[in-house]
């Protein structure tokens with residue numbers, strides 16, 4: 001069945017460094033790729049998303065890249081801050097499918 | 001409260017009990033979802049409702065029974081659960097009726113089955 005693999009499962013960086021989280025997906029029909037951030041004890045919230053008609057999208061310190069040929073997409077966080085510490089989930093879905101497949105999550109620690 | 005709300009926030013139940021989880025969205029969205037979140041596992045999609053019609057049942061055991069009386073409310077009826085069903089159950093909604101688009105999550109119900 002469809003699946004989304006996410007790496008690494010844990011990532012520790014120094015404040016100010018960059019963090020990169022990578023995901024691969026199996027369903028070639030996938031055309032929507034959101035990233036959610038879940039802080040401890042809180043609900044997941046969308047931080048950025050990308051659709052298959054673009055290769056890169058930026059929003060201040062975060063960016064997402066998509067390689068449809070290779071079926072992988074990545075989240076890039078620059079100038080990390082302690083408040084970026086959270087679990088990040090990638091996901092993939094397709095139009096008309098209603099089935100969003102989530103990755104297992106990456107726990108990011110940003111050390112001050 | 002605005003957004004997506006869930007009640008109760010915490011629930012402890014025995015294996016022979018029957019209980020229900022409630023989700024309400026105040027966003028005017030067309031689609032609602034139930035997810036199970038267990039430690040060290042991906043978010044598992046359980047059910048999807050679009051315009052009150054169930055569009056996905058992700059091979060969920062029959063001891064979980066969803067109900068969607070209208071586009072704003074979603075229930076998950078629980079009976080004869082197992083200890084491995086203990087998890088955080090998240091409800092979400094989305095505006096997009098095409099299956100893609102941001103999902104807004106509720107705070108979740110932390111379920112413990114004893």
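Couple of notes before you dig in:
- A viscosity of 1.002 mPa s and a temperature of 20 °C, combined with the Kirkwood radius over Cα pairs in Stokes-Einstein, give a translational diffusion coefficient for chain B of 153 µm²/s.
- Per-peptide packing, taken as the mean over residues of other Cβ atoms within 10 Å, places A:77-88, A:100-111, A:59-70 in the sequence A:100-111, A:77-88, A:59-70 from highest down.
- Relative contact order for chain A, counting Cα pairs under 8 Å that sit 6 or more residues apart, in percent: 37 percent
- Whole-Å distance, taken between Cα centres, linking segment B:89-107 and segment A:10-41: 18 Å
- Averaged over the residues of B:32-42, the number of partner chain Cβ atoms lying within 10 Å of the residue Cβ comes to 3.
- D by Stokes-Einstein for the protein assembly as shown, Kirkwood Rh over Cα pairs, 4 °C, 1.567 mPa s: 72 µm²/s.
All of the numbers you see were taken from the coordinates with simple rules; none came from a lab. Just so you know, these numbers come straight off a predicted model, no measurement behind them. Reconstructed Cβ throughout: ideal geometry from the backbone, glycine too, with neighbour counts over all protein chains shown.
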